[in-house]
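Inspection log for the structure reproduced underneath, given as structure tokens.
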Amino acid sequence: MLTKADIEKYFLAEKNATILLLIIGAICLITAIVFFFILKHPWYKGFAIPLAIIALLQMGVGYNVHSKSDKDRLQLVYAYDMNPGKIKTQEYPRMQEVMKTFKWIKYFEITMALIGILLIIFLKDKPHLVLYSGIGFGLLLQAFISFSFDTVAEKRAHVYKEKLEEFIST
């Protein structure tokens, strides 16, 4: 059964996870800048491109979720006592969409990894295409980071959604 503590726990965990995502994104972005502008070898430039682009996405998502977490948490804790219908009509459908989004994000991350692997395998012996080999490694690394992060977030969301389902059914 869903409790106010469960709501607090879910949103605080989301907020804390987004701090980690922001840190990972910043590290990847700084690394990409160093690789692109200082090391300047084509492989490093290639590696830096997906590293930077996906780092910016990670930081954008991290900031967005982080900035909404407290507001959402407080509104839902209040709704738990004062307007439990809001949990059924707004929060549960929102979480259904979140779970669908995780599915599509994972497909995208797997696709990124596969493209990265193919670039690495097919271009390993082609020194004139080393930039694209670097892109492959960058895609593979970011796919691994993103997939790992999203798998943990999806598990957390799944547990929360199940508690919402129990709450609605009673």
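Could you check segment 137-148 and list, in sequence order, the residues that are in contact (Cβ under 8 Å) with a residue 60 or more places away in the chain and either within 14 Å of the chain's Cα centre (by Cα) or surrounded by fewer than 24 Cβ atoms within 10 Å (Cβ to Cβ) (or both)? Write out each step before concluding.
Going residue by residue through segment 137-148, those that are in contact (Cβ under 8 Å) with a residue 60 or more places away in the chain are 137-139, 141-142, 145-146.
Listed by number, the residues that qualify are PHE137, LEU141, GLN142, ILE145, SER146.
In this structure, does ILE7 turn out to be within 23 Å of ILE115 (Cβ to Cβ), in contact (Cβ under 8 Å) with a residue 24 or more places away in the chain and either assigned to a helix (DSSP H, G or I) or touching a Pro at 6+ places or on another chain (Cβ under 6 Å) (or both)?
On the way: within 23 Å of ILE115 (Cβ to Cβ): no; in contact (Cβ under 8 Å) with a residue 24 or more places away in the chain: yes; either assigned to a helix (DSSP H, G or I) or touching a Pro at 6+ places or on another chain (Cβ under 6 Å) (or both): yes.
When the stated conditions are applied, ILE7 does not pass them.
From (1) open to solvent by less than 80 Å² (accessible area, probe 1.4 Å); (2) free of Cβ contacts under 8 Å to residues at least 40 places away in the same chain; (3) touching a Gly at 6+ places or on another chain (Cβ under 8 Å), pick out the condition that doesn't hold for PRO50.
(2)
Return yes or no: is PRO93 more than 30 Å from TYR44 (Cα to Cα) and either surrounded by fewer than 13 Cβ atoms within 10 Å (Cβ to Cβ) or in contact with a Leu (Cβ under 8 Å, 6 or more places away or on another chain) (or both)? Quick ask: steps written out before the conclusion?
On the way: more than 30 Å from TYR44 (Cα to Cα): yes; either surrounded by fewer than 13 Cβ atoms within 10 Å (Cβ to Cβ) or in contact with a Leu (Cβ under 8 Å, 6 or more places away or on another chain) (or both): yes.
Yes; evaluated as a whole, the condition is true for this residue.
Scan segment 93-115 residue by residue and report those that are of a type outside the set (A, V, I, L, M) and either under 13 Å from the mean Cα position of the chain (by Cα) or not in a helix (DSSP H, G or I) (or both).
Filtering segment 93-115 for residues of a type outside the set (A, V, I, L, M) gives 93-94, 96-97, 100-104, 106-109, 111.
Selection gives THR101, PHE102, LYS103, TRP104, LYS106, TYR107, PHE108, GLU109.
Restricting the search to segment 50-84, which residues are touching a helix residue (DSSP H, G or I) at 6+ places or on another chain (Cβ under 6 Å) and under 21 Å from SER146 (Cα atoms)?
Result: PRO50, LEU51, ALA52, ILE54, ALA55, GLN58, MET59, GLY62, VAL65, HIS66, SER69.
Restricting to segment 1-47, name every residue that is polar (S, T, N, Q), within 14 Å of the chain's Cα centre (by Cα) and surrounded by 14 or more Cβ atoms within 10 Å (Cβ to Cβ).
We begin by selecting, within segment 1-47, every residue polar (S, T, N, Q); these are 3, 16, 18, 31.
Then keep just the ones that are within 14 Å of the chain's Cα centre (by Cα); that gives 16, 18.
Of everything in segment 1-47, just one residue is polar (S, T, N, Q), within 14 Å of the chain's Cα centre (by Cα) and surrounded by 14 or more Cβ atoms within 10 Å (Cβ to Cβ), namely THR18.
The values are calculated or read from the model by the stated rules, or taken from the named source; none is laboratory data. Remember, it's a predicted structure, so these values are computed and weren't measured experimentally. As a convention, Cβ positions derive from the backbone with ideal geometry for all residues, glycine included, and neighbour counts pool all protein chains shown. We work out accessible area using only protein heavy atoms, side chains counted, and drop any ligands, DNA or RNA first. Shrake-Rupley method; radii C 1.70, N 1.55, O 1.52, S 1.80 Å.
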